[in-house]
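Below: one structure, written as structure tokens.
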Amino acid sequence: MYTYEIIDSDNHEEFEAFVRRHPKGHLQQTWEWSRQKPCWLFQGIVVRDENKEIKGVMSVLIRRIPLTPWTLMYAARGPVCDIHDREMLACLLKGAKVLSKKYRSYVLKLDPDVTFDETDFMKHMEELGFVLAPKALNFEHIQPQYVMRLDIEGKTEEEVMAIFKPKTRYNIRLAVKRGVEVKICGKEAVDDFYRIMVETGARDRFMIRPARYFSNMLDNLGEDVRLYMAYHEGKAIAGTIAAKLGDKVWYLYGASSNDRRSLMPNYLLQWQMIRWAIESNCRLYDFKGISGDLSEENHLYGLYRFKSGFNAAFTEFVGEYRYIFRPLAFRFVETALPVAKKVVRKFKG
């Protein structure tokens, strides 16, 4: 018999400890991560058994939709629990329904860290009334549905390096041979990282976050996050941000200058982040998103080609689930918002 309770930022310690020790724990389910999202309200759903022991949790971030009376509820990579326990999932949903009434939410979206072959979980979610969104081949949803993951459990640096494709090993060594130096940096390097990120965004045609977002990340996540910068002859030429929680390290952001790309700094940066995961006795290194369309004609194919050089496993998640509280509001918001976003992108160039 399970019971639920709702917690907020003032009493998050027990919630946070559970996320960090659970096998399904994820960085984006932590209270720490909610600090990185100041425009969102953190609410945690905690499920306990008859002995008052926590058995499952879900971090829910809530944000008002502009020009409407409704809010969006979002549980990034949640929930954190035994995903095969239907009663647990039902109890978490009860808590979400209470939140939806309090905050006038039109939908709960979640994109669990669950692979597409977990058919029992998918059956439970369908029975509980969740709707699975169409597959998102090219980052159409909030989180990528397809990622690359490298299994490093119990392996030494030499054993992990041996997994990589020969060309990737060559490029890592080439960067070292040509004098590329990688440093773990603090906020003093954020300006350089942001400058390179702007250059990368212009080259690869994607929108970027403001510099303060990356500075705040170093403050909010503390020892769980690292900014790696690659230098050549004293000049910053590339950078990455990685984060760690439990038995996993995630590659979050990367940027490279148009200058000196032939020095292969991106390969060396990845290797240094993977080394952090090995030193931390992690089970997985997650390269994060790629397209689900692996055809060479896809404009995102280069991303897959780079990450596949490390011989990571192509991983497909179940995707984005939606529990719709207000069907009419859902249709209005989900139709109007994409149009508004297109206008904003066009305005910003």
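Being charged (D, E, K, R), within 27 Å of L132 (Cβ to Cβ) and touching a residue at least 40 places away in the same chain (Cβ under 8 Å): is that true of E233 here?
On the way: charged (D, E, K, R): yes; within 27 Å of L132 (Cβ to Cβ): no; touching a residue at least 40 places away in the same chain (Cβ under 8 Å): yes.
Against the criterion (charged (D, E, K, R), within 27 Å of L132 (Cβ to Cβ) and touching a residue at least 40 places away in the same chain (Cβ under 8 Å)), E233 does not qualify.
Every residue in region 202-212 that is part of a helix (DSSP H, G or I) and free of Cβ contacts under 8 Å to residues at least 12 places away in the same chain, please. Show your work before the answer.
Restricting attention to region 202-212, the residues satisfying the condition of being part of a helix (DSSP H, G or I) are 202-204, 211-212.
If the condition is that a residue be part of a helix (DSSP H, G or I) and free of Cβ contacts under 8 Å to residues at least 12 places away in the same chain, then A202, D204, R212 are the ones that fit.
What pairs can you find where one residue is in region 243-269 and acidic (D, E), the other is in a strand (DSSP E or B), and their Cβ atoms are less than 7 Å apart, with a gap of 6+ or different chains?
Partner pairs satisfying both residue conditions: D247/L284; D259/I237.
Output the residue which, of all residues in region 275-293 that are aromatic (F, W, Y) and in contact with a helix residue (DSSP H, G or I) (Cβ under 8 Å, 6 or more places away or on another chain), is farthest from E153 (Cα to Cα).
At the first step, the residues of region 275-293 found to be aromatic (F, W, Y) are 276, 285, 287.
Of the ones still in play, those that are also in contact with a helix residue (DSSP H, G or I) (Cβ under 8 Å, 6 or more places away or on another chain) are 285, 287.
On the way: Y285: 9, F287: 16 Å.
Checked region 275-293; the qualifying residue farthest from E153 (Cα to Cα) is F287.
Inspect all residues belonging to region 314-322 and state whether any of them is out of contact with any Phe, Trp or Tyr (no Cβ under 9 Å at 6 or more places or on another chain) and either exposed (fewer than 13 other Cβ atoms within 10 Å of the Cβ) or at pLDDT 95 or above (or both). Show your work before the answer.
We begin by selecting, within region 314-322, every residue out of contact with any Phe, Trp or Tyr (no Cβ under 9 Å at 6 or more places or on another chain); these are 320.
Among the residues that remain, those that are also either exposed (fewer than 13 other Cβ atoms within 10 Å of the Cβ) or at pLDDT 95 or above (or both) are: 320.
The answer is yes, given that some residue of region 314-322 is out of contact with any Phe, Trp or Tyr (no Cβ under 9 Å at 6 or more places or on another chain) and either exposed (fewer than 13 other Cβ atoms within 10 Å of the Cβ) or at pLDDT 95 or above (or both).
Here is a yes/no grid of residues against (1) open to solvent by less than 30 Å² (accessible area, probe 1.4 Å); (2) modelled with pLDDT under 95; (3) of a type in the set (K, R); (4) closer than 19 Å to T315 by Cβ:
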residue	(1), (2), (3), (4)
D117	no, no, no, yes
V131	no, no, no, no
L137	no, yes, no, yes
F164	yes, no, no, yes
T168	yes, no, no, yes
E181	no, no, no, no
D192	no, no, no, no
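Give me the residue from region 52-81 that is farther than 17 Å from E320 by Cα, in contact with a helix residue (DSSP H, G or I) (Cβ under 7 Å, 6 or more places away or on another chain) and assigned to a strand (DSSP E or B) and, out of that set, most open to solvent (accessible area, probe 1.4 Å). So that I can check it myself, show each step before the final result.
If we filter region 52-81 for residues that are farther than 17 Å from E320 by Cα, which is where we start, we get 52-57, 63-71, 81.
Keeping just the survivors that are in contact with a helix residue (DSSP H, G or I) (Cβ under 7 Å, 6 or more places away or on another chain) gives 54-57, 65, 68, 70-71, 81.
Still in the running and assigned to a strand (DSSP E or B): 54-57, 71.
Details: I54: 10, K55: 79, G56: 0, V57: 0, T71: 7 Å².
Of everything passing the filter in region 52-81, K55 is most open to solvent (accessible area, probe 1.4 Å).
Mind counting the residues in region 266-313 that are within 18 Å of I241 (Cα to Cα), of a type in the set (A, V, I, L, M), touching a Lys or Arg at 6+ places or on another chain (Cβ under 8 Å) and open to solvent by 10 Å² or more (accessible area, probe 1.4 Å)?
Adding up the residues that qualify gives 2.
Which residues, taken from region 199-224, are open to solvent by less than 10 Å² (accessible area, probe 1.4 Å) and at pLDDT 95 or above?
Scanning region 199-224 gives F214, M217, L221.
The values are calculated or read from the model by the stated rules, or taken from the named source; none is laboratory data. All values reported here derive from a predicted model rather than from experimental measurement. With ideal geometry, Cβ positions are generated from the backbone for all residues, glycine too; neighbour counts draw on all protein chains shown. Side chains included, ligands, DNA and RNA excluded: accessible areas come from the protein's heavy atoms. Shrake-Rupley method; radii C 1.70, N 1.55, O 1.52, S 1.80 Å.
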